[in-house]
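The values are calculated or read from the model by the stated rules, or taken from the named source; none is laboratory data. Keep in mind that what you see is a predicted model, and the values were worked out from it rather than measured. Ideal geometry is used to build each Cβ from the backbone, glycine not excepted, and the neighbour counts take in all protein chains shown.
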Amino acid sequence: MITIPASLISREDLSILERALIPLIAHYTQQWGDKPRDIDASTLAQTLRHNPKEVVEALDLLVKKGLLKMIRRKTAQGVMIYYTFAPIETSMTAMLSLGESQYSDSNYYLNLTNDAFEALHVFAFELCDREGLRRDLFDDFNLYQRSKNNRSFDWCAEFERWARKEISTNSIPIASQLALNESKPSTEEFEMAQYFIRHLSSIDPQFEEPFDVMSWAAQIKLLIDTGGYTILDVKSVIDWLFSAKGDWFRPNVPDAIHLRKHFKRLIAHTRSFRDGKPRLPDGIDLFDLYEQM
């Protein structure tokens, strides 16, 4: 038989889960004729068949209310948290022996002091509010760190890293239909890519047409958008490249990427010739030069 003090049952500030935990903790920790023992949250959650997160939160509340005490003990699996009833009257000898049985290292998450945990809690809420994140993100962080008992010299930085990971995971690019249309190559740019591909196929029987023609059109779009060229400039370069005048440079341009890479040089060649002859400056006629000779 287990005797539970009335002070643990008659309190009005206990939730249903807290009331369910008290007799269960007594069952595991108060055996007749044995010294009081402690119990971990996982065992309690499995016995109650309840959400471990809610069980841990209820246990922490019982600790704050002074009904339970938390014991941190170093085990083969790392530092673990156990719970037992807080004694009504505790001698100094018992307090000293309890302190000697606990493992203390403020760098481990489970060994954070109440003040350090409260400061981390405030920092986490401020960061979540500033970045527009859900506040229960800290609950996920808290449960994860308690289960792993990781070590860190700056837990605020650890939570900020946790939050950044959440931001990067949920950062789905949202674009309007207009923005999507502007980012896609136009019909003329797509047709020019096909025009270039047809020329390559005509001179090389082993040429394999690209599966993604749109990526070739994207290179032509970059030429027009960032280089300031026109679609006619691109066509004139392609025509020159596959003519007798540009045959010497054609092997350097096997695809649209190399076309954009060498375009500045290619457009200079196309603008230097007119019908295979050197181009004269504007406003000067060849016959006028002949009469002056």
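If I filter region 26-56 down to residues being in a helix (DSSP H, G or I) and among the small types (Gly, Ala, Ser), which single residue comes out as surrounded by the most Cβ atoms within 10 Å (Cβ to Cβ)? Quick ask: steps written out before the conclusion?
To start, the set of residues in region 26-56 that are in a helix (DSSP H, G or I) comprises 26-29, 41-48, 52-56.
With the extra rule that they be among the small types (Gly, Ala, Ser), the set shrinks to 26, 41-42, 45.
Values: 26: 19, 41: 23, 42: 13, 45: 19.
The extreme case among them is 41.
Kindly provide the set of residues from region 2-25 that are at pLDDT below 85 and either in a loop (DSSP other than H, G, I, E, B) or surrounded by 10 or more Cβ atoms within 10 Å (Cβ to Cβ) (or both), ordered by number. Explain how you work it out, then say what you get.
Taking region 2-25 first, the residues at pLDDT below 85 are 2-13.
Listed by number, the residues that qualify are 2, 3, 4, 5, 8, 9, 10, 11, 12, 13.
Take residue 167 and decide whether it is hydrophobic (A, V, I, L, M, F, W, C), assigned by TED's automatic domain parsing to the domain that holds residue 121 and either within 30 Å of residue 121 (Cβ to Cβ) or modelled with pLDDT of 90 or more (or both). Step through it out loud before you land on a result.
Details: hydrophobic (A, V, I, L, M, F, W, C): yes; assigned by TED's automatic domain parsing to the domain that holds residue 121: yes; either within 30 Å of residue 121 (Cβ to Cβ) or modelled with pLDDT of 90 or more (or both): yes.
Yes.
Which of (1) without any contact (Cβ under 8 Å) to a residue 24 or more places away in the chain; (2) of a type in the set (D, E, K, R); (3) under 20 Å from residue 79 (Cα atoms) does residue 146 not meet, given it meets every other one?
Tallying (1) without any contact (Cβ under 8 Å) to a residue 24 or more places away in the chain; (2) of a type in the set (D, E, K, R); (3) under 20 Å from residue 79 (Cα atoms), residue 146 fails exactly one: (1).
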